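Since every read-out is calculated from the coordinates, none of them should be taken as a lab result. Keep in mind that what you see is a predicted model, and the values were worked out from it rather than measured. Glycine gets a Cβ as well: all are built from the backbone with ideal geometry, and neighbour counts include every protein chain shown.
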Amino acid sequence: MRAISLARHRLATWSAGLLLGLLPLAGGCATDQSGDGPLRDEGLMAPAPTGLAQELDGILASPVLEGALASVVVRHAETGETLYSHRGNERLAPASNAKLLTAAAALEVLGTEHRFETSVWSDGKRLGPVLQGNLYLKGTGDPSMLAQDYDALAAKLAESGLTLVQGELWADDTWFDSVRLGSGWEWEDEPYYYAAQVSALTVSPDGDFDAGNIIADVTPGTAAGQAPRIAFLPNTDYVKVDNRAVTTEAGSPNTLSVERQHGTNTFLVTGTMPLDAGTDRSYNSVAEPTGYAAAIFRAALETHGIRVLASATRFGATPVSATRLAGRSSPPLSELLPLFLKLSNNGHAEILTKAMGKAVHGEGSWDAGIQVISDFLSANGVNANTLQISDGSGLSRHNLISAEHLAALLLAVRGKPWFSNFYEALPIAGAPQRLVGGTLRSRMKNTAAAGNVHAKTGSLDAVSSLSGYVANAAGEPLVFSILFNHFVQNGVSRLEDAIAVALANSGTKRDTARFRQPVGGRVIEALRKP
């Protein structure tokens with residue numbers, strides 16, 4: 001996000017950013033495509049930007065954006081009027097701003113009351129405490145399933161008097177397809193919590209509902225030279241440990257590393273951990289979350305005195321003729337949404353994408369879910385043919401979306417019956433509570449944007465974004481979208497904040513612009529309102 005140099009920026013950017021990056025105009029208009037000279041038409045230079053446009057131009061002229069790409073759009077939320085546009089139609093990687101598309105489509109298609117169901121079924125007969133048949137654990141993608149919820153399912157079976165399953169335990173994740181990782185996800189991200197594998201049957205380690213993950217807590221040994229102690233939450237033998245780390249004297253450097261090895265569930269622990277170190281906690285993805293869920297459920301069955309004769313878990317669909325024995329419903333989507341958006345939960349995004357595909361097309365896949373998102377966008381004034389969606393979270397490097405696309409979406413959803421759910425689930429600038437401010441809780445404090453800006457953040461290597469809503473100083477509602485790509489310096493989030501604060505402080509004097517390009521493209525007319 002190192003935009004362009006100050007000199008080039010001033011010459012290539014005009015009022016409201018409309019002239020920035022224009023293609024050659026029809027009729028032989030003399031445009032300097034190098035950006036090193038002023039844009040002219042018939043010898044007439046476009047007017048210099050003033051007011052808000054000038055302020056935003058100045059922010060984007062920061063050397064932090066040297067050589068980077070920026071797409072920025074500001075629109076009036078009530079009139080739809082474009083107040084500022086800097087390369088607004090340029091498609092860039094949106095990072096987690098892609099979650100705005102997923103969340104809006106999910107609220108429309110699945111509804112605020114949508115719940116995920118996890119259930120236990122049997123295809124056998126009960127003879128007192130004995131089940132003559134198989135037990136099936138069936139999931140539909142619930143990201144809120146904790147180990148204690150699987151324990152509660154086992155407790156329900158035990159309450160019925162069941163003590164022995166003569167058949168097998170089957171794990172049914174067929175609600176979704178078997179593709180675990182998204183297209184365009186980088187291979188080195190695979191062991192980490194933010195790239196958790198997606199399954200219709202999964203486990204979350206805590207109340208943030210990071211589905212498909214496990215927590216590793218590491219504490220020093222009791223003496224120097226000993227290996228540190230490792231505990232997993234939830235406790236399970238589904239994962240293994242290769243512990244090569246060493247406890248060292250108090251005050252020595254802590255170089256501890258915990259990382260799941262690619263394609264396995266073996267966690268390699270290396271480095272040193274001083275005696276006086278506290279608990280080192282890390283979140284890690286688990287390979288094959290279906291087996292993970294089944295292992296947690298099998299252990300819960302044993303805890304409640306229910307033995308499954310077959311020791312190996314099988315994988316497949318629950319028979320149509322099976323009988324439902326127990327079940328658990330997730331909180332509604334309206335309650336899951338703040339965890340999804342405020343904490344930018346990638347797993348929720350992908351689960352919702354596949355759930356939409358299943359609901360509309362009968363196929364719980366990325367392709368089917370992305371088609372639902374695209375259709376939703378097209379039906380709500382966003383041209384889906386001019387963008388590219390590869391996943392629901394924005395983790396994919398194949399996503400290509402412009403600030404204009406995102407601004408158009410933010411405008412379109414304001415009239416939806418579920419808009420209040422969407423708006424309140426967005427991170428709120430400067431709000432210190434974790435589940436209020438979310439990823440914006442430490443940003444824009446003590447500014448006009450604090451408590452005002454409701455916006456989604458986004459971050460990948462060399463990608464940063466911020467899109468959402470703000471009221472200006474006159475109380476007028478605005479929508480904005482900021483996308484930065486290809487920067488190599490730190491500090492782009494401060495530029496995003498500066499833009500949002502500038503918008504919050506604007507409005508005491510209208511600073512809007514309308515641009516018109518007549519047929520033939522030879523004259524560009526800028527009409528400014530006082």
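Annotations for the structure displayed:
- Sequentially through the stretch 113-120, phi angles give Karplus couplings (6.51, -1.76, 1.60; θ = phi - 60°) of 9, 4, 10, 8, 10, 10, 9, 10 Hz, Gly and Pro residues having no value and appearing as x.
- When the chain is described by a simple charge dipole with +1 on each Lys and Arg Cβ and -1 on each Asp and Glu Cβ, the residue from Gly347, Pro332, Ser378 located farthest towards its positive end is Ser378.
- Here the Karplus curve 6.51 cos²θ - 1.76 cosθ + 1.60, taken at θ = phi - 60°, turns the phi angles of the stretch 207-219 into couplings of x, 7, 6, 7, 4, x, 10, 9, 9, 10, 9, 10, 10 Hz, with x standing for Gly and Pro.
- 3J(HN,Hα) along the stretch 462-475, derived from phi through the Karplus expression 6.51 cos²θ - 1.76 cosθ + 1.60 where θ = phi - 60°, amounts to 6, 9, 8, 8, 7, 9, x, 10, 7, 9, 7, 5, 8, x Hz, with x in place of Gly and Pro.
- For peptides 183-191, 286-294, sequence by mean Cβ density within 10 Å, most packed first: 286-294, 183-191
- Estimated dipole of the stretch 213-285 in Debye, rounded to 20 [Cβ of Lys and Arg +1, of Asp and Glu -1, Cα centre]: 140 debye
- What separates the Cα centres of the stretch 385-459 and the stretch 296-340 is a distance of 34 Å.
- Charge dipole magnitude, Cβ of K and R +1, D and E -1 - the stretch 137-214, Cα centre, debye nearest 20: 360 debye
- Cβ charges +1 (Lys, Arg) and -1 (Asp, Glu), total dipole of the chain, debye: 860 debye
- Quarter of the Cα convex hull surface for the chain, i.e. its orientation-mean projected area (nm²): 27.8 nm²
- Descending semi-axes in Å of the stretch 213-285, equivalent ellipsoid built from Cα gyration tensor: 22, 11, 10
- Ellipticity estimate at 222 nm from DSSP helix runs (n ≥ 4, -39,500 (n - 2.57)) divided over the chain, nearest 500: -7500 deg cm²/dmol
- Tensor-based shape of the stretch 83-142 (alpha-carbon gyration tensor, a/c under 1.5 rounded, otherwise prolate or oblate): prolate
- Dipole-positive endmost among Tyr150, Gly221, Ser62 within the chain (Cβ charges, Cα centre): Ser62
- Nonlocal amide H pairs with Ser204, under 5 Å, H built at 1.01 Å: Met145, Leu146, Ala147, Gly212
- Net lengthening on full extension, Asp276/His361 (0.36 nm per residue, minus Cα-Cα): 25.0 nm
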